[in-house]
Each structure stands twice: as C-alpha cells, then as structure tokens.
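Scroll down for the structure; my scribbles are underneath it.
The values are calculated or read from the model by the stated rules, or taken from the named source; none is laboratory data. Quantities reported herein were computed from a predicted structural model and do not represent experimental measurements. Every residue, glycine as well, gets a Cβ built from its backbone with ideal geometry; the counts of neighbours run over all protein chains shown.
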Amino acid sequence: MITRDTAAFLKFARGAAADFGPATARGAFLVAPDGFRLAEQSAADNRYMAEAAGFDAARASAQHRELHRALAEVVPTVCFAGDPQTPDALFPNNVFATGRVDGSSRYVVGRMRHPVRQREAARADIRGFFGGVLDYAEVDLSTQPHPCELTGALVIDRARGLGFAGLSERCDQEGARLMHDALGLRATLMFELAAGEYHTNVVLAVLAGRAALVCPRGFAEPAVVEAIAALYAPHAVLLSPAEHAAFAGNAIALSEDAVWMSAGAGRALSADSRRALAAAGFEPRTVELDAIEAGGGSLRCCVGEVFSACQRLAEAIASCSHS
C-alpha cells in the first residue's frame, strides 16, 4: 500500500506486525566533511543552512570524528573519505540506503535534486563497499528523473515495514513510490511537508519501531500529525517549535535503549520530552555538532544505516582498517 489516505494507512499500520526486520540498524556509515562549505544549490531550498561565513570546516571535521567514535561504541561504523567537490556529502543517508527484501540484502542509490549532490551517487568506493565487499544487490534510482532523497525524504519504521514520505522539491509522488518499491515496504504514507521544509527526517523520527518524535509545524496537514501520533501512542512525542528549530526531530535510535541527537538538540529538549522518551525506554545521547548543523542537517542526516549480518559488516570494517 502507498497512499495519501491517512485513515486507510492508519488502519493498515495498526495491524502490521513488528516482524518486518530488525528495528534498528546493525551498522552505520558516515562520509567525512572534507571540503565542508556552503553549497549554493542546496541552500536554495534548505532554510536551515547558515551563510557562507558560518561554516567552520576544521570544527566540523573534529566534531564528525567525535560522532564516529561515539557511534562506533554502539554499532560497527565505517567512515568514507569526503570530496571537496561534494560539500554536502557528509549527509550520505540521502544518497545511499540499505534494506532486506525477500530475504536478500540490497543497497539503493537515490536521485538527488541538485547537481552538486547528484555527483555523490556516482561514488565508486561506496558502491563498491556495498556491492563488492558486502555483496548487496544494487537498485539504482539515480538516473531516473524523479527526486527521491531516500531516508532524508522517507522515514521508515523498520520493525513493521512502514514508510512516511514527505513530499517536497526533494521527493515527488513518483519518487516516493520508487523508494517504497526499492525498499520493499509494506505501506507508505505520502503527505506534504510544510512550506520551507526540505526533508521528512528533520521533522519526524521513528525510534526502534515503538516511539516517534514529531515536529507538528513541519507538516502541511494536521491530520498527518494526528495519525502518526495515534500510531505510536502513548510514545509519540510532539516537539515544540524551539525543539524543532534545534534539530531535536533529526534523531535516530541505533539500539533499543538510546536516541542519538546533537548536543544542541539535547539542550533544547524540554523536561516533558525527556520524560516521554524515558517512558518509551530511551535515554538521549548527544554529540556536539553545531558546526555541522551550519550545513542544514544534524546527527540523523550524517548517519547511513546498514541492515546486514553484523558479523560480516564487522569483518569488512576490520579489513578496511587494516589495509
């Protein structure tokens, strides 16, 4: 099912068993912020980006290394080199995504809206890692005309196989359908993002299939917020405008007991939001990322997820580190 009908989606989703796959990723991948600077094309439809003078490449690089170290304590995490010709490449989850469909692992290459980001999809090293080292099948959406910026535009409940596709200039309706099919999802709800929003994962996070962080102002239709809140009740946390602006919605669970977000987002969390997360079994864990947030994204945007056999991924990372 892929639909704009919130009632039909909610009815289906409530009956979806949490047996689609692991609720959290078995590993993660990052891309270093080499050449981090303002990308003028991306700034055209990303209101979160700072002016050129607000970019500090050295600080962003140091913070990214701390992020890598922190995530590696939880899941096997590999970091690819950056490229000064692709200044947005530190947000790789928009370009590459992974999943298991009919028992087989695959990686998906997205179609980016802006040419500066389309260059990222051609990276032979990342394609080679998934296709060659991990032996994943490839689904390449990068050459078709419909924008579909993967897990930036599409937030996924991996436990139940449910997708939430926010439509914008970064993802149209056909792009949402292509992602739904490529990741083999059971049901996807399509909806319009509020004016000025560019990616769904800035306004919505599904945490290990059992809770959600929702920024109501990021959605064009209140009915969509109500449906998501109903689906994840009593663990739907509605974030305030201040929490939204601090990227608290740009979060990710990489284990059953912790939600990762930037330190700025963590500081913005209200006492009520913290209590709600604790009730759902999550402890906020944070990394200082203010320099990276100048690029218009935060912690979730930096993290590509790997859904695979953990041992195989760990062996691949060890092999890369010893070479």
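Among the residues of the range 2-39, those that are without any contact (Cβ under 8 Å) to a residue 24 or more places away in the chain and outside any loop (DSSP other than H, G, I, E, B) comprise A8, K11.
Scanning the range 186-213 for residues that are closer than 22 Å to E169 by Cβ and of a type outside the set (D, E, K, R) yields a count of 16.
Among residues of the range 123-174 being among the small types (G, A, S) and in a strand (DSSP E or B), the one that is surrounded by the most Cβ atoms within 10 Å (Cβ to Cβ) is G166.
Do you know which of the residues in the range 69-82 that are closer than 26 Å to Y198 by Cα and either surrounded by fewer than 17 Cβ atoms within 10 Å (Cβ to Cβ) or aromatic (F, W, Y) (or both) is modelled with the highest pLDDT? Taking the candidates together, the pick is F80. Scanning the range 89-122 for residues that are under 17 Å from T200 (Cβ atoms), in contact (Cβ under 8 Å) with a residue 60 or more places away in the chain and part of a loop (DSSP other than H, G, I, E, B) yields a count of 3.
Listed here are the helices (runs of 4 or more DSSP H) enclosed by the range 220-275 that have at least 3 residues being in contact with a helix residue (DSSP H, G or I) (Cβ under 7 Å, 6 or more places away or on another chain): 222-232, 241-245. Specify the residue that is surrounded by the most Cβ atoms within 10 Å (Cβ to Cβ); the eligible residues are those in the range 198-213 that are assigned to a loop (DSSP other than H, G, I, E, B) and in contact (Cβ under 8 Å) with a residue 60 or more places away in the chain. Filtering the range 198-213 for residues that are assigned to a loop (DSSP other than H, G, I, E, B) and in contact (Cβ under 8 Å) with a residue 60 or more places away in the chain, the one surrounded by the most Cβ atoms within 10 Å (Cβ to Cβ) comes out as H199.
Exactly one residue among V303, V224, V203, V259 is in contact with a Pro (Cβ under 9 Å, 6 or more places away or on another chain) and over 21 Å from V74 (Cβ atoms), and that residue is V203. Regarding the range 229-246, can at least one residue be identified that is touching a Phe, Trp or Tyr at 6+ places or on another chain (Cβ under 8 Å) and buried (at least 23 other Cβ atoms within 10 Å of the Cβ)? No, that holds for no residue. Scanning the range 281-310 for residues that are under 16 Å from the mean Cα position of the chain (by Cα), of a type in the set (A, V, I, L, M) and either over 23 Å from P87 (Cβ atoms) or at pLDDT below 95 (or both) turns up I292, V306.
Within the range 60-87, residues that are within 20 Å of G27 (Cβ to Cβ) reach partners that are basic (K, R) and assigned to a strand (DSSP E or B) with beta carbons closer than 8 Å, at six or more positions or on different chains, in the pairs A70/R285. Of everything listed in (1) closer than 20 Å to C302 by Cβ; (2) surrounded by fewer than 23 Cβ atoms within 10 Å (Cβ to Cβ), the single unmet condition for R186 is (1).
Can you say whether H235 is in contact with an Asp or Glu (Cβ under 8 Å, 6 or more places away or on another chain) and not small (G, A, S), as far as the supplied structure shows?
Working: in contact with an Asp or Glu (Cβ under 8 Å, 6 or more places away or on another chain): no; not small (G, A, S): yes.
No; evaluated as a whole, the condition is false for this residue.
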